[in-house]
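Participant: Handing you a structure now.
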Amino acid sequence: MAETLVTQEYGFILRTEAAKADKEDVLMEADQLSAKYHEIVSKRQYRKAPHLVDTNYDALEVLVHDIKPGSIDRIVTDQEEVGEQLKEKGYEVFLCSYMAGDIERRYRFRHYLSEVFKRKIFMKSGGFLYIEQTEAMAVIDVNTGKSIGKKNQEAHIKKINLEAAKEAARQIRLRNLSGIIMIDFIDMKSKDDEKELLQVMQHYLNGDSKKAVAVDITKLGIMEITRKKEKNPIFRQISIDILK
């Protein structure tokens, strides 16, 4: 099939998903892209440089770029047109009520949006995370938040660290932290506990649409994580939009 798409003027890149797709659907999309290419070439002839003749930016495409149909239960929207477009792309869609603010109240958008700008995130155990984003990396510091006493100290520290691993993974996704991420967990004496913490952290990271790896825990007790870098962190994206 690939050979039939190639011309002397241009060719196509077929993604892995194309192998599972219906041949007619692939050829139809190729025809659409071909028509778009000729439209761009035609525009170029009548425009003076510098001039943007086309862009591949589509807000909806950007939102679902890393989400494959079938990898999530459903996408919720309160916009019927958006819902129809998503269904055409193969996504399960739930159309929320049109009542003013209904979708916002149900899914607590404002709550999570405000959370992105908080440096200190409290946990149920009383401990908290302190999150700092620098140019070079993101740093997460785990704190007990209060005196843990001497009784069952190691067990309590382990409990806080395991809770912190789950919350840190959630914050990494929520804030879109990427590149190098360092997490300073509370020191644990047991190497087995450190190994378990690393495995638990990776388990929580496995649910991420972007590749994220818990690499190791250094001698200083700092966990190193790498996460595929795409786009700016959420707080920076919002700041850019505000400045615009």
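Participant: So which residues in the stretch 175-197 are touching an Asp or Glu at 6+ places or on another chain (Cβ under 9 Å), buried (at least 19 other Cβ atoms within 10 Å of the Cβ) and more than 22 Å from Lys229 (Cβ to Cβ)?
Facilitator: Phe185 - this is the single residue of the stretch 175-197 that is touching an Asp or Glu at 6+ places or on another chain (Cβ under 9 Å), buried (at least 19 other Cβ atoms within 10 Å of the Cβ) and more than 22 Å from Lys229 (Cβ to Cβ).
Participant: Give the residues of the stretch 38-77 that are modelled with pLDDT of 75 or more and hydroxyl-bearing (Ser, Thr, Tyr), sorted by residue number.
Facilitator: Ser42, Tyr46, Thr77
Participant: A further question follows. Inside the stretch 91-200, counting only helices (runs of 4 or more DSSP H) that do not spill past its ends, which hold 3 or more residues that are over 28 Å from Leu60 (Cα atoms) and under 22 Å from the mean Cα position of the chain (by Cα)? Before you say what the answer is, go through the steps one by one.
Facilitator: Values: elements: 102-107, 109-116, 153-175.
Those helices (runs of 4 or more DSSP H) span 153-175.
Participant: Out of Val93, Val116, Val76, Val82, report the one residue that is among the β-branched types (Val, Ile, Thr), within 29 Å of Lys210 (Cα to Cα) and assigned by TED's automatic domain parsing to the domain that holds Lys146.
Facilitator: Val116
Participant: Exactly one condition in (1) surrounded by fewer than 18 Cβ atoms within 10 Å (Cβ to Cβ); (2) in contact (Cβ under 8 Å) with a residue 40 or more places away in the chain; (3) closer than 13 Å to Gln202 by Cα is not met by Ile172; state its number.
Facilitator: (1)
Participant: Condition first: surrounded by fewer than 10 Cβ atoms within 10 Å (Cβ to Cβ), part of a loop (DSSP other than H, G, I, E, B), charged (D, E, K, R) and at pLDDT 75 or above. Can you find one or more residues in the stretch 23-37 that meet it?
Facilitator: no
Participant: Among the residues of the stretch 179-234, how many are at pLDDT 95 or above and among the small types (Gly, Ala, Ser)?
Facilitator: Residues that pass the stated criteria total 1.
The values are calculated or read from the model by the stated rules, or taken from the named source; none is laboratory data. On a predicted model such as this, the values are computed, not experimentally measured, just so you know. Glycine gets a Cβ as well: all are built from the backbone with ideal geometry, and neighbour counts include every protein chain shown.
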